[in-house]
Amino acid sequence: LEAFALTDLPRQDRNPNRPVTVLVAAAAILALKVLVTIVWEYQRYFPADFESAFLSGKRAFFHGGYRFAFYAHILVGPATIVLAAILLHSGFRQSYQYLHRSVGRIQAAFVLLVLVPSGLVMSVKAYAGPIASAGFATLSLATAVTMVLAIDRARRGLLLSHRRWAVRTAILLTSPLFSRVIAGAAITMNLETETFYWINAWVSWLVPLVGYEMLLQFRSGYRFGSPRLVSSSERALS
Ligand code: HEM
């Protein structure tokens, strides 16, 4: 990988302003809480408890490929979220470049070799039917595409483009957390139905992703106003 010069980035990319920092800190605390809740539920998966919310109704096909994919998925899933946080943090600091590259390689292997294939296998049997299945399968493919593009841009030394694809990957990886928050709100409002489940299978990743693209559009005039930093080819690739 080519060395990146962080000092080449626009100031707002290196030092996010205070309200953004506070917002990111609040989101990180909420995300950690949701992640702990997800992992806490694992006591019902070792051994498989078919009375648990997720495994109920899955006994008939909980063997062979599905079972293998399920355990690989739930073991690697939380690790990819923690690694994504480390990557986002270290990516903003020049002194962490070695750590960033090493963690990035592990993350690429976890996501492309385990999380995406296992997500695809599990999506076939998703609760609430084909629309939910399609939502999870599309999420799997989108995660693979963003990850591959983030790696490609890093190899080519395109820092801004690399960062954008990496952030998109992180957004997709954290969508299960967002999904839990939405599901929690739905339970509180007595709205938890099958229809809600398949809507959530799409909304939980499409909304944050579209939100990020809108943010980029909003800020693009400011960022691209600095011709020294972003070539037209990188602009097209980001
Ligand atoms: C971004 C790529 C991901 C895809 C495509 C994906 C896909 C899926 C699918 C299809 C299911 C089964 C849903 C059903 O049967 O209704 C599932 C379950 C699950 N996923 Fe993921 N997932 C992804 C990322 C993650 C991450 C990052 C975590 C980390 C926490 C995670 C944790 C879980 C857990 C714990 C379950 C099963 C148990 C439960 O929902 O409590 N997934 N996932």
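The values are calculated or read from the model by the stated rules, or taken from the named source; none is laboratory data. Small disclaimer: the values here were computed from a predicted structure and weren't measured. When we count neighbours, we look across all protein chains shown, and the Cβ atoms used for this are built from the backbone with ideal geometry, even at glycine.
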Name the single residue that is farthest from the chain's Cα centre (by Cα) among those in the stretch 45-61 being away from the ligand (no atom under 11 Å from the Cβ) and either of a type in the set (Phe, Trp, Tyr) or under 25 Å from residue 107 (Cβ atoms) (or both).
50
Screening 121, 103 for residues that are more than 14 Å from the ligand (Cβ to nearest atom), of a type in the set (A, V, I, L, M) and surrounded by 15 or more Cβ atoms within 10 Å (Cβ to Cβ) leaves only 103
Any residue in the stretch 36-59 that's modelled with pLDDT under 95: show its pairings with residues that are among the polar types (S, T, N, Q) at Cβ separation under 8 Å, as long as the two are six or more apart or on different chains.
none
Does at least one position in the stretch 87-99 carry a residue that is at pLDDT 95 or above and within 16 Å of residue 172 (Cα to Cα)?
yes
Among the listed residues 178, 196, which satisfies the condition of being in contact with a helix residue (DSSP H, G or I) (Cβ under 6 Å, 6 or more places away or on another chain), within 13 Å of the ligand (Cβ to nearest atom), closer than 19 Å to residue 35 by Cβ and of a type in the set (Phe, Trp, Tyr)?
178
Single residue of 166, 128, 201, 142 found to be within 13 Å of the ligand (Cβ to nearest atom), buried (at least 21 other Cβ atoms within 10 Å of the Cβ), of a type in the set (Gly, Ala, Ser) and touching a residue at least 60 places away in the same chain (Cβ under 8 Å):
201
Take the conditions of a type in the set (Ser, Thr, Tyr) and either farther than 30 Å from residue 187 by Cβ or within 18 Å of the chain's Cα centre (by Cα) (or both) and apply them to residue 42. Does it pass?
no
Criterion: crowded, with 16+ Cβ neighbours inside 10 Å, of a type outside the set (Val, Ile, Thr) and at pLDDT below 95 - qualifying residue of 234, 192:
234
Go through (1) free of Cβ contacts under 8 Å to residues at least 24 places away in the same chain; (2) touching a Leu at 6+ places or on another chain (Cβ under 8 Å) one by one and return the number of the condition residue 110 breaks.
(1)
Tally the residues that are polar (S, T, N, Q) and crowded, with 20+ Cβ neighbours inside 10 Å, restricting the search to the stretch 83-100.
0
